[in-house]
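Data first, discussion second: the structure below is written as structure tokens.
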Amino acid sequence: MLNEKMYGLGSKSSVIRELFAYGLERKKLVGEDKVYDFSLGNPSIPAPPQVKQALLELLEEPAEALHGYTPASGDPEVRKILAESVNRRFGTHFTAENFYMTVGAAASLNISIHAVANPGDDFIVFAPFFPEYKVWVENAEANLLVTPADTESFQIDFEAFERLLSPRTKGIIINSPNNPSGAVYSEATIQKLAKLLKQKQEEYGTSIYLITDEPYREIVYDGLTVPYVTQYYENTIVCYSYSKSLSLPGERIGYIIVPDELTDSGRVMAAVAGAGRALGYVCAPVLFQRAVARCADVTGDISAYARNRDLLYNGLTKLGYECVRPQGAFYLFVKSLEPDANAFSEKAKQHDVLVVPSDSFGCTGYVRISYCVSEKTIVDSLPAFAEIMREYQ
Ligand code: PLP
């Protein structure tokens, strides 16, 4: 007898993967440039040249040392360099001891959730949210509670959020810049969130961990700054990844930060190490641990994403589509032209426009458009978007 829960997870692919697979088949049939595939969040800009340089230099080092195991939490020298970089950029005071190297944000989150969750605990997320949160929280035998979206600004609907808080609340997961809305939480939002959580911790006599999922931290536009959450709320666990900032999603590298200020920080870090051990996330890929340490202050050239955002946002709003102007990440969250976003996505598919219906993000009536594609794809897709709009008029 199989584990049916795992079978269920493994045998159904996500809507995003299904659309992507459909796009590949369709491209074979009608041609690469005739299908406008906005399904995946795969970075379209190359990894910065410093990454290649770092790898070339590293490959000259003795192979035994280069490819061998590091401590489970990662190479101490790497963690020290990364801590110094974060401190320089965000005014924090971390050391190597606050870092645990992981295989990307997925592992960072999975470990962090498992480290603090007991069966029956509540984790609260904000719609629209990254669908895998549900998998990871439920795998830790905890409950995922969803705060409905504030569709005016895609900040936080605090009234709805407060109704979900209780002594069972163990964690809050935030993701800013956000996939799929492109919103960035303002400093006022983070301050209000921090204040409310501190008040609730005191009222309940519990610890509420704010888990901040940050793979898009550096991908912001118009000179915006993204507040560094540990500076506002002590019980923050940072989950970071280089998948998007250095365009390295396939290399699987990231980290967790457990700050000293966090309640029982030492015990939480030990639980992070324990969850890493239990889940098999030990000793992240060593070549890339060392490569990212050499690129600690580097980000890819995101100007292409900024151009794509403007082209797509201006192009679609001119056609009459409704969406909030994204401030970060590389997604546009557009109001579906009919209440059922799945039906709208199907209709768009008939025009070879592949957009993801929003239901799995916990927010109905929208589609996500990933604009990490070539500029040409965006320009060429606009007549198809115009045609779709005409069909609804
Ligand atoms: N969190 C969010 C919001 C994401 O968009 C993604 C990937 O797209 C992840 C986590 C997982 O990132 P990684 O590839 O680093 O595991």
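Of note:
- For region 227-377, alpha-carbon Rg and Dmax in angstrom: 19.8, 55
- Share of pairwise Cα separations in region 153-210, more than 12 Å, in percent: 68
- Convex hull (Cα only) mean projected area of region 291-370, reported in nm² to one decimal: 7.0
- Residues with amide H under 5 Å from that of Ala142, placed H, sequence gap 5 or more: Gly120
- Computed over the alpha-carbon atoms, the chain gives an Rg to Rh ratio of 0.97, Rh here being the Kirkwood radius from the mean inverse distance.
- Coarse-grained scattering of region 1-151 at q = 0.11 Å⁻¹, given as base-10 log I(q)/I(0) from a Debye sum over alpha-carbon atoms: -0.78
- Accessible area (Å², 1.4 Å probe, nearest 10) - Leu29: 140
- When region 99-167 is reduced to its Cα atoms, the Kirkwood hydrodynamic radius in Å: 13.0
- Of all lysines in the structure, the ones whose alpha carbon falls short of 29 Å from that of Lys34, not counting any fewer than 8 places away in one chain, are Lys12, Lys244, Lys318, Lys335, Lys347, Lys349, Lys376.
- Across region 224-338, the mean sequence separation of Cα contacts (distance under 8 Å, 6 or more residues apart), normalised by length, yields a relative contact order of 18 percent.
- Mean shadow area of region 41-89 over all directions, Cα convex hull, nm²: 5.3
- As a fraction of the 1.4 Å probe accessible area of region 45-108, surface on carbon and sulfur atoms comes out at 61 percent.
- Kirkwood hydrodynamic radius of region 337-388, from inverse mean 1/r over distinct Cα pairs, in Å: 11.4
- Here the accessible area of region 307-393 is 49 percent carbon and sulfur, with a 1.4 angstrom probe and all protein chains present.
- Database remark: amide H of Ile237 closer than 5 angstrom to the amide H of Leu210, Ile211, Thr212 (H placed geometrically; neighbours at sequence offset of 5 or more, or on other chains; Pro and chain starts carry no H).
- Ligands, DNA and RNA aside, Thr212 has an accessible area near 0 Å² when probed at 1.4 Å.
- Each stretch of four or more DSSP H residues adds -39500 (n - 2.57); spread over every residue of the chain, this sum gives -13500 deg cm²/dmol at 222 nm.
- A cut-off of 5 Å between modelled amide H atoms, ignoring neighbours fewer than 5 places along the same chain, links His351 with no other residue.
- Take the chain with all the other protein chains still there, run a 1.4 Å probe, and you get 44 Å² of accessible area per residue.
- The aspartates and glutamates within cross-link reach of Lys27, meaning a Cα-to-Cα straight distance under 19 Å and a gap of 8 or more places when in the same chain, are Glu18, Asp37, Glu346, Asp352, Glu375, Asp380.
- Where a label projected 7 Å from the Cα of Glu84 along Cα→Cβ would reach, residues of region 247-264 with amide N under 12 Å: none
- Largest to smallest accessible area among Leu9, Leu196 [probe 1.4 Å]: Leu9, Leu196
- Those lysines that a straight Cα-Cα span of less than 16 Å connects to Lys170, excepting residues fewer than 8 apart in one chain: Lys134, Lys198, Lys200
- For the pair Val135 and Gln53, the difference between a 0.36 nm per residue extended length and the Cα-Cα distance amounts to 25.8 nm.
- FRET efficiency for Glu64 and Asp260, using Cβ-Cβ distance with R0 set to 25 Å, rounded to 0.05: 0.15
- The chain, relative contact order [Cα under 8 Å, separation at least 6], %: 24
- Derived scalar couplings between HN and Hα for region 3-10 equal 7, 5, 5, 5, 4, x, 5, x Hz in order, rounded to whole Hz, by the Karplus curve 6.51 cos²θ - 1.76 cosθ + 1.60 (θ = phi - 60°), x for Gly and Pro.
- Order of exposure, largest accessible area first, which applies to Arg88, Arg325 with probe 1.4 Å: Arg88, Arg325
- Karplus 3J(HN,Hα) series, Hz, for region 312-322 with 6.51 cos²θ - 1.76 cosθ + 1.60 (x for Gly, Pro): 6, 4, 5, x, 6, 5, 4, 7, x, 6, 10
- Rounded to whole numbers, the Karplus 3J(HN,Hα) couplings from phi for region 212-229 are 10, 8, 10, x, 9, 3, 7, 9, 9, 10, 6, x, 5, 10, 9, x, 8, 5 Hz, using 6.51 cos²θ - 1.76 cosθ + 1.60 with θ = phi - 60°, and x at Gly and Pro.
The values are calculated or read from the model by the stated rules, or taken from the named source; none is laboratory data. Note that the structure is a prediction, hence the values are computed from the model and not measured. No Cβ is skipped: glycine too gets one built from the backbone with ideal geometry, and neighbour counts run over all protein chains shown. When the accessible area is computed, the model is the full protein with side chains, heavy atoms only, and any ligands, DNA or RNA have been set aside. Shrake-Rupley method; radii C 1.70, N 1.55, O 1.52, S 1.80 Å.
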